Amino acid sequence: MGWALIGASNVARQWIIDAIRAQDDSSIVTVLSSSEERGAKFAAETGIPAHTTDIDTILADDRVNAVYISTANEFHCDQTLAAAKARKNVLCEKPLALTIPDARKMIAACRAAGVVLGINHHLRCNAMHQKLRQLLAEGTIGNLNAVRVFHANFLPQILQGWRINDAKGGGLILDSTIHDIDTLRFLMGDDPTHVMAMTQSGRLAHDGVEDGIMVIMRFPGDVLVQIHGSYTVPFSEGGVEFYGSEGVLIGRDCMSQRAVGRLFVRNADGEKEIPVHHHNLYHYALAAFSNAVRGAGQPAATGEDGLAALTIALAIREAARTGRQIKVEIP
Ligand code: NDP
């Protein structure tokens with residue numbers, strides 16, 4: 001597969017270039033940057049043979065059959081629509097878009113063009129979450145009662161740009177809480193029906209952009225879910241806890257981009273660790289996407305998953321803004 005990177009981004013440099021190159025018969029043909037200088041530097045440093053500031057050059061290139069879109073969030077929609085029109089398969093970063101109508105347009109355009117649309121919700125590719133999902137589905141802890149998600153950290157200096165400055169595309173909810181939402185959907189196989197939230201702002205972020213959050217959600221079966229997320233908490237460990245009628249499943253250090261996380265079950269027999277055989281999250285996502293393009297299976301997270309996560313994230317933002325409980329309706 002010939003790939004073009006749309007966006008000379010940090011996430012591409014850190015994770016995706018390596019993941020594409022780890023796939024059979026896959027190579028990166030070119031990279032798009034809005035800056036000639038930044039694109040040239042990025043291409044040289046990452047060994048990508050070409051760079052351009054013109055998306056049409058990429059879309060007209062027959063060697064390119066997939067694009068990875070990791071520009072700032074406000075560009076995801078237009079770039080996906082352009083790629084679909086040119087019949088390129090699209091792996092898009094989260095959030096899929098900034099609005100529900102835009103996300104729906106993207107899904108419809110890819111479907112009409114007959115191309116694959118995947119979204120890079122990486123946490124569902126973590127082997128610990130995959131094991132946890134299996135155990136929940138097998139009823140290991142009986143009937144689910146409540147869930148807690150811990151996803152607080154201190155935003156590294158290199159990421160303290162649009163995330164904390166841009167009221168439109170930035171903020172913790174669309175950047176990080178949306179990953180928690182996707183992970184919960186993946187683990188529980190369901191969507192919340194109602195959400196409430198309170199946010200913080202001002203410790204790192206500006207102009208009302210949220211840099212901390214507590215969310216409460218109700219899932220079907222009267223299951224209560226709590227999320228704590230933050231950009232401003234150092235020394236915290238990400239994790240999940242699932243409380244059931246017969247026991248508790250505990251995932252520790254598992255809200256990471258790295259292939260880490262330990263899983264424990266606690267019940268009447270005491271506490272024991274469940275072995276997890278880890279794999280690189282991004283290699284897994286790229287393998288699933290490449291297979292989907294070749295006609296086998298689906299991306300790890302589909303466009304519809306991206307739309308659902310966005311819908312819930314926007315409901316959480318609305319709940320925080322209004323102080324009200326918001327009913328979630330996935331379109
Ligand atoms: P970056 O800030 O690194 O990149 C976003 C865009 O910012 C790039 O496309 C680039 O524009 C521009 N840019 C980069 N460096 C500079 C600079 N020095 N001056 C001006 N502009 C610059 O963002 P991230 O890599 O952190 O995030 C990109 C996307 O990926 C987002 O949608 C984010 O939500 C998502 N993401 C997903 C992760 C995951 O694990 N799933 C992890 C991290 C981010 P240009 O292309 O024009 O050069």
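Figures for the structure shown
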read-out	value
Residue list for the range 71-83, restricted to those being farther than 18 Å from residue 167 by Cα and touching a Leu at 6+ places or on another chain (Cβ under 8 Å)	80, 82, 83
Every residue from the range 1-41 that is in contact with a Lys or Arg (Cβ under 7 Å, 6 or more places away or on another chain) and either within 14 Å of the ligand (Cβ to nearest atom) or open to solvent by 60 Å² or more (accessible area, probe 1.4 Å) (or both)	8
Filter pass, residue 169 being open to solvent by less than 10 Å² (accessible area, probe 1.4 Å), among the small types (Gly, Ala, Ser) and at pLDDT below 95	yes
Inter-residue pairs, beta-carbon under 6 Å, first closer than 23 Å to residue 84 by Cα and in the range 34-61, second surrounded by fewer than 14 Cβ atoms within 10 Å (Cβ to Cβ), 6+ apart	53/36
Residue count for the range 204-246, restricted to those that are of a type outside the set (Gly, Ala, Ser), in a strand (DSSP E or B) and touching a residue at least 24 places away in the same chain (Cβ under 8 Å)	16
Residues (surrounded by fewer than 20 Cβ atoms within 10 Å (Cβ to Cβ), farther than 23 Å from residue 256 by Cα and touching a residue at least 24 places away in the same chain (Cβ under 8 Å)) located in the range 180-203	193, 194, 196, 198
Filtered residue count, the range 66-75, keeping only those that are more than 16 Å from the ligand (Cβ to nearest atom) and part of a loop (DSSP other than H, G, I, E, B)	0
Single residue of 115, 149 found to be touching a strand residue (DSSP E or B) at 6+ places or on another chain (Cβ under 6 Å), surrounded by 18 or more Cβ atoms within 10 Å (Cβ to Cβ) and in a strand (DSSP E or B)	149
Residue under evaluation residue 46, criteria (1) under 20 Å from residue 159 (Cβ atoms); (2) more than 9 Å from the ligand (Cβ to nearest atom); (3) touching a Cys at 6+ places or on another chain (Cβ under 8 Å), criterion not met	(3)
Every residue from the range 152-166 that is open to solvent by 60 Å² or more (accessible area, probe 1.4 Å) and hydrophobic (A, V, I, L, M, F, W, C)	154, 158, 162
Residue in the range 45-54 that is among the β-branched types (Val, Ile, Thr) and surrounded by 22 or more Cβ atoms within 10 Å (Cβ to Cβ) present	no
Failed condition for residue 56, given (1) within 16 Å of the ligand (Cβ to nearest atom); (2) in contact with a strand residue (DSSP E or B) (Cβ under 8 Å, 6 or more places away or on another chain)	(2)
Residue 263 vs. criteria of a type in the set (A, V, I, L, M) and within 16 Å of the ligand (Cβ to nearest atom)	no
Scope the range 62-81; condition without any contact (Cβ under 8 Å) to a residue 24 or more places away in the chain and within 16 Å of residue 117 (Cβ to Cβ); matching residues	78
Test: residue in the range 236-252 that is open to solvent by less than 60 Å² (accessible area, probe 1.4 Å), within 27 Å of residue 156 (Cα to Cα) and aromatic (Phe, Trp, Tyr)	no
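Rundown of residues vs (1) in a helix (DSSP H, G or I); (2) at positive phi; (3) within 10 Å of the ligand (Cβ to nearest atom), yes/no style:
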residue	(1), (2), (3)
64	no, no, no
77	yes, no, no
84	yes, no, no
94	no, no, yes
98	no, no, no
107	yes, no, no
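The values are calculated or read from the model by the stated rules, or taken from the named source; none is laboratory data. In this text the structure is predicted, and so the values were computed from the model without any measurement. A quick note on method: Cβ atoms are made from the backbone with ideal geometry, for glycine too, and the neighbour counts reach across all protein chains shown. Remember, those area values only see protein heavy atoms, side chains included, never the ligands or the DNA or RNA. Shrake-Rupley method; radii C 1.70, N 1.55, O 1.52, S 1.80 Å.
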